[in-house]
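Encoded as structure tokens, the structure appears first; notes follow it.
The values are calculated or read from the model by the stated rules, or taken from the named source; none is laboratory data. Predicted, not measured: the structure shown is a model, and the values here were computed from it. Cβ atoms come from the backbone with ideal geometry, glycine included; neighbour counts cover every protein chain shown. Heads up: the accessible areas ignore ligands, DNA and RNA and are worked out on the full protein's heavy atoms, side chains in. Shrake-Rupley method; radii C 1.70, N 1.55, O 1.52, S 1.80 Å.
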Amino acid sequence: MRILNSYMVVRMKSMNRMKVIRRITTLVMLFIIIFCFAVTGFDMNVIINRGSQAVLFIKRMFPPDTGYCGKVIEPLIKTVQMSIAGTFIGAVFGLFTAFLYAGNLIKKSYVRIVVRVIVQCVRTIPVLILALVATFIWGLGAAAGTIAIAVSTWAVMARIGGEDIEGLTLKPYEAVTAIGAGKFKAFSRTVIIELLPGYLSNSLYVLEANIRHAAILGYVGAGGIGLLLNEKISWREYSRAGMILAMLFVAVLVIEGIS
């Protein structure tokens, strides 16, 4: 009985401690949110009062200038091609980087730490910045945009793949390595087969996101439809800009439907 009472007392103290921690955490998060609103000057009155400008901007774009459709097709195709090529390259390299990222496969901690630091550093860089750097190295055009998308996709898929591998059972992998197969061969024969369906699904989701990213890479000269969109908005040709956005929307829907 004394043991039970002691257990209940310890249990109650633990629950009270957790309640205090939750309350403190909630207060800290509220303070951070309020502080961020104050620093950024976020004001709902301004957003509501200026909301009519957003409506006016959209009205200028619609109805789109359908006669401009022919001029949009070629840069739109280039945007989709950039996205597909960049996503494919990044996903392939990301799959094998995930092997080094996963903590349950790589026992050497220094290898895992180095790979994770590199992946996380690349993930913090926006695609637009990667495209800007790529244009300085490889020049203007779709090639720079493709490389930027590939690098960004590699970092994202390496992390997603590594985390998915950590959630898999490794008994088949361990069995294959136990009979003398190398780690990479065992990885390709067991882990990849189990990982691939989810990995492909995530790759298709990233492809959809990359098409949207590729749409603005033209702002830094990395090819695609972004240059044309920037040009039409700068010249206040809003109906043509609306046509560009409408066709981009259709392209994203088609890719999503196919995936």
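Do any trypsin sites (Lys or Arg not before Pro) in region 212-259 lie in a DSSP loop with no more than 16 other beta carbon atoms within 10 Å, and if so, which?
R236
Order the peptides 130-142, 81-93 from the highest to the lowest mean number of other Cβ atoms within 10 Å of their residues.
81-93, 130-142
Trypsin sites (Lys or Arg not before Pro), restricted to region 25-133: which are DSSP loop and have at most 10 other Cβ atoms within 10 Å?
Listed in order of number, the matching sites are R50, K107, K108.
Can you find, among T26, V80, A222, the residue sitting farthest towards the positive end of the charge dipole of the chain, where Lys and Arg contribute +1 and Asp and Glu -1 at Cβ?
Of the options given, the answer is T26.
Would you calculate a helix-derived [θ] at 222 nm for the chain, using -39,500 (n - 2.57) for each DSSP H run of n ≥ 4 and dividing by the full residue count, to the nearest 500?
Calculated from helices alone, the mean residue ellipticity at 222 nm is -26500 deg cm²/dmol.
Give me a comma-separated list of calculated 3J(HN,Hα) values for region 55-72, in order, Karplus coefficients 6.51, -1.76, 1.60 applied at θ = phi - 60°, integers in Hz, x for any Gly or Pro.
Whole-Hz 3J(HN,Hα) from phi for region 55-72: 4, 5, 5, 5, 4, 5, 7, 10, x, x, 7, 5, x, 8, 4, x, 6, 8.
What are the ³J(HN,Hα) values, in whole Hz, obtained from phi via the Karplus relation 6.51 cos²θ - 1.76 cosθ + 1.60 with θ = phi - 60°, for each residue of region 19-27 in sequence order, with x given for Gly and Pro?
4, 5, 4, 4, 5, 5, 4, 4, 5
Can you give me the accessible area per residue for the chain, using a 1.4 Å probe, in Å²?
62
If you stretched the chain out fully between Y219 and I34, how much longer would it get, using 0.36 nm times the residue separation minus the C-alpha to C-alpha distance?
63.2 nm
Quick check for me: using +1 on Lys/Arg Cβ and -1 on Asp/Glu Cβ, what's the dipole size of the chain about its Cα centre, in debye to the nearest 20?
1240
Hey, with R₀ at 35 Å, roughly what FRET efficiency would A54 and S201 work out to, going by the Cβ-Cβ distance, to 0.05?
0.55
Treating only the Cβ of Lys, Arg, Asp and Glu as charged (+1, +1, -1, -1), what charge dipole size does region 116-236 show about its Cα centre? Round to the nearest 20 debye.
140
For region 138-259, build the charge dipole from Cβ charges (+1 Lys, Arg; -1 Asp, Glu) around the Cα centre, then report which of L207, S152, G141 sits farthest towards its positive end.
Working it through, the farthest residue towards the positive pole turns out to be G141.
Number of Lys-Lys pairs in the chain under 29 Å by Cα, sequence gap 8 or more or different chains?
Step by step, the pairs that qualify in the chain add up to 13.
Find out how many positive minus negative residues lie around G67, taking Lys and Arg as positive, Asp and Glu as negative, among other residues whose Cβ is under 15 Å from that of G67.
Net charge around G67: +1.
Through the Karplus equation 6.51 cos²θ - 1.76 cosθ + 1.60, θ set to phi - 60°, convert the phi angles of region 244-258 into ³J(HN,Hα) values in whole Hz; use x for Gly and Pro.
My calculation for region 244-258 gives 4, 5, 5, 5, 5, 4, 5, 4, 5, 5, 5, 4, 5, x, 5 Hz in order.
Taking Rg and Dmax of the Cα atoms in Å straight from the coordinates, which label in (i) 19.7, 62; (ii) 40.2, 155; (iii) 25.2, 86 is the correct one?
Here Rg and Dmax of the Cα atoms in Å agrees with entry (iii).
Can you tell me how much longer the chain between I118 and M18 gets when fully stretched, taken as 0.36 nm per residue apart minus their C-alpha distance, in nm with one decimal?
32.4 nm
Quantify, in whole percent, the carbon and sulfur part of the accessible surface of the chain (1.4 Å probe; protein heavy atoms only).
For the chain, the apolar C and S fraction of the accessible surface comes to 69 percent.
Can you give the translational diffusion coefficient of region 61-121 in µm²/s, computed by Stokes-Einstein from the Kirkwood radius over Cα pairs at 37 °C and 0.692 mPa s?
220
Determine the distance separating the Cα centre of region 26-69 from the Cα centre of region 158-217; give it in Å without decimals.
Rounded to whole Å, the Cα centres lie 38 Å apart.
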